[in-house]
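Worksheet for the structure shown next.
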Amino acid sequence: MNPVTGLSLGRIAIGAGALAAPELASKLFKLDTANNPQLPYMLRMFGSREIALGAVTLVSKGAARRQLVALGIAVDGADAYAGYDAMQTGAVDQKVGIGLVAPAVFAVGAGFVGLFARTRAGKTVVAVQPALSKRQARKALKKAAKAQRSD
């Protein structure tokens, strides 16, 4: 499966869970709803964001999809920082903090893989887009050779 498709479907699933059952989501994330009655509201906001970002990325193509993946990387990076900061300030203990940070960092990594993934013959391979096209590279080489001959 293409990493972007997998990440998008994961976003939709996690978002749907958080939106439909925030109390269950808080238990899975090991967050304390008893001492934070506003937590279900925040989890529903998180859930709706994840559903929207996952769905729009899933149906987009080309440059728009790459931009949405980059946006997802930024969002997941912010989530990772929020979990780290919560751990550092004591808002959550280290075990809970790691459980919040790890999936966000994984999502950042999956997003970067998705930015560079290409599908060939049904298989996803990672390839970095060259800075120059073949035509541009040949033209630059010819120009450099011509300049060298004139020296």
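The values are calculated or read from the model by the stated rules, or taken from the named source; none is laboratory data. As the structure is a prediction and not an experimental result, all values here were calculated from the model. Counting neighbours? That spans all protein chains shown, and the Cβs are built from the backbone with ideal geometry, glycine included. SASA here: full protein model, heavy atoms, side chains in, ligands and nucleic acids out. Shrake-Rupley method; radii C 1.70, N 1.55, O 1.52, S 1.80 Å.
Selection of segment 1-28 for residues being out of contact with any Ser or Thr (no Cβ under 8 Å at 6 or more places or on another chain) and more than 24 Å from VAL96 (Cβ to Cβ) yields THR5, GLY6, LEU9, ILE12.
Being under 20 Å from GLY6 (Cα atoms) and in contact with a helix residue (DSSP H, G or I) (Cβ under 8 Å, 6 or more places away or on another chain) is the requirement here; does ALA74 meet it? Quick ask: steps written out before the conclusion?
On the way: under 20 Å from GLY6 (Cα atoms): yes; in contact with a helix residue (DSSP H, G or I) (Cβ under 8 Å, 6 or more places away or on another chain): no.
Judged against the criteria, ALA74 is not a match.
Screening ASP93, ASP85 for residues that are modelled with pLDDT of 95 or more and charged (D, E, K, R) leaves exactly one candidate, ASP85.
Matching residues to (1) in contact (Cβ under 8 Å) with a residue 60 or more places away in the chain; (2) assigned to a helix (DSSP H, G or I); (3) open to solvent by 20 Å² or more (accessible area, probe 1.4 Å):
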{"residue": "GLY6", "(1), (2), (3)": "yes, yes, yes"}
{"residue": "LEU24", "(1), (2), (3)": "no, yes, yes"}
{"residue": "LYS30", "(1), (2), (3)": "yes, no, yes"}
{"residue": "ALA52", "(1), (2), (3)": "no, yes, yes"}
{"residue": "GLN67", "(1), (2), (3)": "no, yes, yes"}
{"residue": "GLY77", "(1), (2), (3)": "no, yes, yes"}
{"residue": "ASP85", "(1), (2), (3)": "no, yes, yes"}
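Return the residues of segment 127-151 that are open to solvent by 100 Å² or more (accessible area, probe 1.4 Å) and either modelled with pLDDT under 65 or among the hydrophobic types (A, V, I, L, M, F, W, C) (or both); say none if nothing qualifies. Of everything in segment 127-151, those that are open to solvent by 100 Å² or more (accessible area, probe 1.4 Å) and either modelled with pLDDT under 65 or among the hydrophobic types (A, V, I, L, M, F, W, C) (or both) turn out to be VAL128, GLN129, ALA131, LEU141, ASP151. Just give me the residues in segment 57-69 being under 30 Å from ALA21 (Cβ atoms) and under 13 Å from the mean Cα position of the chain (by Cα), in sequence order. Result: THR57, LEU58, ARG65, LEU68, VAL69.
Looking only at residues that are touching a residue at least 24 places away in the same chain (Cβ under 8 Å) and open to solvent by less than 90 Å² (accessible area, probe 1.4 Å) in segment 32-47, which one is farthest from LEU68 (Cα to Cα)?
Restricting attention to segment 32-47, the residues satisfying the condition of being touching a residue at least 24 places away in the same chain (Cβ under 8 Å) are 43-44, 46-47.
When the remaining residues are screened for being open to solvent by less than 90 Å² (accessible area, probe 1.4 Å), the result is 43, 46-47.
On the way: LEU43: 22, PHE46: 17, GLY47: 17 Å.
Top of the filtered list is LEU43.
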